[in-house]
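**Q** Sharing a structure here in structure tokens format.
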Amino acid sequence: MKMSVIRPGLVRLLGLVAAAVLLLSGGAVLTQPNPAMTAHFIDVGQAHATLLEFSCGAMLIDAGTQDDAHETALLGYLDAFFARRTDLNRTLKSILITHNHLDHTRSLQRLVETFTVERYIDNGFTTGSGRFGPNWLRGEVKAGRRKIVVRDIPDTAVEAVADKRGLTDSDIDPLGCPDRDPGVRILEGRFDENPGWPEGEFENQNNHSVITRIDYGTASFLFMGDLEEAAIELLVDYYGDQPGGMLDADVLQVGHHGSQNATTAELLDAVTPRVALIPVGEWTFGQSGGTFTTFAFGHPRQTTVNLLAQHMTRRRTPSKSVRVAEKARQFRNQTVTKAIYATGWDGTVRVVARASNDITVYRER
Ligand SMILES: [Zn+2]
């Protein structure tokens, strides 16, 4: 009888203690001795948007969304993120757009109207299916309505860097975190002159994707945009495929939504990824019609997923039965055992780099 009287009080007391511990640990996150970088590969459907979170700031690579529902989800994700990271004052240090296609720019204007964006970087094209957002942003800045530093990256600027170390400066790498400072470098930009490709390859804006490398301690991330084979060959020729080279990265954003023409054995020999991320829609998107859809494109391709698996040793646990495309409009089940993740399979995926050789993957489903 006495116990039942005491217990509710004890439970309340324990609850208060637990809340205090949570508050303390929550407060300690910002000043933890073991800082972390998190790449949030946000589920935006057949599109790409990755939020990069650091102790002293955040950046966004691409602002694409499949449709209005995914735009709402993206804005909601960022709202929740900034509600947690109140120290960042709803500010993105930069938005980098890999290239001007709609699935990479669709929500750019909404993001700029909703959050503070300090810098904007792209490949400088004013054409392309996704030109509206970038052109609107440039217009706003030109008219003096918004203060955003705007940069475009020609490949000649990357090639001008000595020792092929990639292009960086205070706009490309605006962060100066006191605990552990990330390094941001652009490895390829827009080609103003045809480097010897067939005309169709040169006119394909995927091949002008801005390629970004992030180093964080000994962890490294490589963002491929939608780069296709012609430009990949050039990239690998330029930087080489030696271990520890500029293309050697732990985490790979797989190019062009896992398409068959955007991941090569030579690239994977150079990257040696531990974790691979495919930004892609759910395979059913477009099953009932539509051209620019996951189903119609056949993303991700089985050949690409298998090629990745052959080049990777780290496993995903548990393994997962997923849908991969044998060709356009034809999918099959496959069990993925290597550390290959896709937003269409896993929802939003967070990749956290904490200390040397410590990379953890959290998936939404
Ligand atoms: Zn794309």
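**Q** Rounded to the nearest 20 debye, what is the charge dipole size of the chain about its Cα centre when +1 sits on each Lys and Arg Cβ and -1 on each Asp and Glu Cβ?
**A** With Lys and Arg at +1 and Asp and Glu at -1, about 2100 debye.
**Q** Enter the mean projected area of the convex hull around the alpha-carbon atoms of the range 185-260, in nm², rounded to one decimal.
**A** 5.1 nm²
**Q** Can you tell me which of S55, S321, S129 moves the most in a GNM of the chain? Springs connect C-alpha atoms under 10 Å apart.
**A** S321
**Q** Length gain on complete extension for the stretch R314 to F292, per 0.36 nm per residue less the alpha carbon to alpha carbon distance?
**A** 4.7 nm
**Q** Here's something else I'd like to know. Springs between alpha-carbon atoms under 10 Å, Gaussian network over the chain: tell me which of P273, P198, P300 tops the mean-square fluctuations.
**A** Result for the chain, Cα springs under 10 Å: P198 fluctuates most.
**Q** Per-residue ellipticity at 222 nm for the chain, helices alone: DSSP H runs ≥ 4 residues times -39500 (n - 2.57), over residue total, nearest 500 deg cm²/dmol?
**A** So the helix-based figure for the chain works out to -8500 deg cm²/dmol.
**Q** Please state, to two decimals, what the Cα-based radius of gyration of the range 213-365 comes to when divided by 2.2 N^0.38 Å (N = residues).
**A** Compared with the compact-globule rule of thumb, the range 213-365 sits at 1.01.
**Q** Q334 versus C177, label points 7 Å from Cα toward the beta carbon: distance in nm?
**A** Once both label points are built, they end up 3.3 nm from each other.
**Q** For the chain, give me the percentage of DSSP beta bridges that are antiparallel, rounded to the nearest 5 percent.
**A** Percent antiparallel among DSSP bridges in the chain is about 65.
**Q** Here is a follow-up. How charged is the neighbourhood of N100? Take every other residue with its Cβ under 14 Å from the Cβ of N100, and add Lys/Arg as +1 and Asp/Glu as -1.
**A** -2
**Q** On full extension of the chain, what length is gained from K164 through R90, given 0.36 nm per residue of separation minus the C-alpha to C-alpha distance?
**A** 23.2 nm
**Q** According to the Kirkwood expression over distinct Cα-Cα pairs, how big is the hydrodynamic radius of the range 35-363, in Å?
**A** Result for the range 35-363, one decimal place: 19.6 Å.
**Q** Run through all the Cα pairs of the range 298-365 and give the fraction in each 5 Å bin from 0, expressed as whole percent.
**A** Result, from short to long distances: 4, 16, 24, 25, 18, 8, 3, 1, 0 percent.
The numbers here are math on the coordinates, done by the rules we state, and not lab data. It should be emphasised that the depicted structure is a prediction, and the values quoted were computed from it without experimental measurement. Please note: Cβ atoms are built from the backbone with ideal geometry, for glycine as well, and neighbour counts cover all protein chains shown.
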